[in-house]
1. Which of (1) over 19 Å from Pro107 (Cβ atoms); (2) assigned to a loop (DSSP other than H, G, I, E, B); (3) among the basic types (Lys, Arg) is the odd one out, the single condition Arg58 does not satisfy?
2. Pull out all pairs, ordered by first then second residue, where Cβ-Cβ is under 6 Å, the residues are six or more apart or on different chains, the first lies in region 112-130 and is under 15 Å from Lys14 (Cβ atoms) and aliphatic (A, V, I, L, M), and the second is surrounded by 15 or more Cβ atoms within 10 Å (Cβ to Cβ) and at pLDDT 85 or above.
3. Scan region 32-40 and tell me whether some residue there is touching a helix residue (DSSP H, G or I) at 6+ places or on another chain (Cβ under 8 Å) and outside any helix (DSSP H, G or I).
4. Filtering region 83-97 down to residues that are part of a helix (DSSP H, G or I), without any contact (Cβ under 8 Å) to a residue 12 or more places away in the chain and over 18 Å from the mean Cα position of the chain (by Cα), which residue is surrounded by the most Cβ atoms within 10 Å (Cβ to Cβ)?
5. For Arg39, state whether it is at pLDDT 95 or above and in contact with a Leu (Cβ under 6 Å, 6 or more places away or on another chain).
6. Name the pairs whose Cβ atoms lie under 6 Å apart, with the first residue in region 62-79 and closer than 9 Å to Trp28 by Cβ, the second among the aliphatic types (A, V, I, L, M) and part of a helix (DSSP H, G or I), and 6 or more positions between them or separate chains?
Amino acid sequence: MPTLNNSTLQTRSKREYRHWQCKADALWQELITRMWRGRCAMCGGDWGVAGHHIIPRRYRSVRHAVMNGVSLCARCHNFADKDREAFKVWLRKHYPMMYDWHIQHMPPPEHTHGVQALKETVYALRQTIAQLAGGGHI
C-alpha cells in the first residue's frame, strides 16, 4: 500500500480545489449570461456572449459574485480586457450601481479562499440559477 506524503496530499488538495473552481466558474458563466438574457450589455449583440469579470478573476473573494459580472459579446469582451479604464468609464455611465459595487469590493490580490468556500459558492450559484429558471427575480 502506498504511503501518503505531503507532496501527494498537496497535489490532491490542488486537484480538488481546481475541480470545485471549474464548477463554480461554469455556473457563474451560466448565471451571468442568463441574467443578461444572452445579450451583450454594451452593444446588445447575441453572438459569442460570455460573462466578463468586472474585478479580474484572480481576486478570488469576488470571482463568483453576481455583481462582479456583466455579459459581453466577444468584440466588447476584447475591448473591456484591453482597455480596463475605458470599460470602467462605460460601466460608471451605464450601470452606476455595478460600478459603485466594484469600487467598494476591490480586494487585495492575495485574498484567497479554500475548497469549502468554493463548494458553498457552487451550491449558492446552483440555487440562484434554479430560482432564475423558475421565473424568480434576483
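1. Going through the list (1) over 19 Å from Pro107 (Cβ atoms); (2) assigned to a loop (DSSP other than H, G, I, E, B); (3) among the basic types (Lys, Arg), Arg58 breaks only (1).
2. Val115/Tyr17; Val115/Trp20; Leu118/Trp20; Leu118/Gln21; Leu118/Ala24
3. Of all residues in region 32-40, those touching a helix residue (DSSP H, G or I) at 6+ places or on another chain (Cβ under 8 Å) come to 32, 34-35, 40.
If we keep only those that are outside any helix (DSSP H, G or I) too, we end up with 40.
Yes, that holds for at least one residue.
4. Restricting to residues being part of a helix (DSSP H, G or I), without any contact (Cβ under 8 Å) to a residue 12 or more places away in the chain and over 18 Å from the mean Cα position of the chain (by Cα), the top hit is Arg92.
5. Numbers: at pLDDT 95 or above: yes; in contact with a Leu (Cβ under 6 Å, 6 or more places away or on another chain): no.
Spelling it out, it is not the case that Arg39 is at pLDDT 95 or above and in contact with a Leu (Cβ under 6 Å, 6 or more places away or on another chain).
6. Listed by first residue and then by second, the contacts come to His64/Ala24; Gly69/Ile32.
Residue-wise test of (1) modelled with pLDDT of 95 or more; (2) in contact with a Cys (Cβ under 9 Å, 6 or more places away or on another chain); (3) in a loop (DSSP other than H, G, I, E, B).
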{"position": "Met1", "(1), (2), (3)": "no, no, yes"}
{"position": "Lys14", "(1), (2), (3)": "no, no, no"}
{"position": "Leu27", "(1), (2), (3)": "yes, no, no"}
{"position": "His102", "(1), (2), (3)": "no, no, no"}
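The values are calculated or read from the model by the stated rules, or taken from the named source; none is laboratory data. Bear in mind that the values here come from a model prediction, so they are computed numbers and not experimental data. Here Cβ is always computed from backbone atoms with ideal geometry, including for glycine, and neighbour counts include all displayed protein chains.
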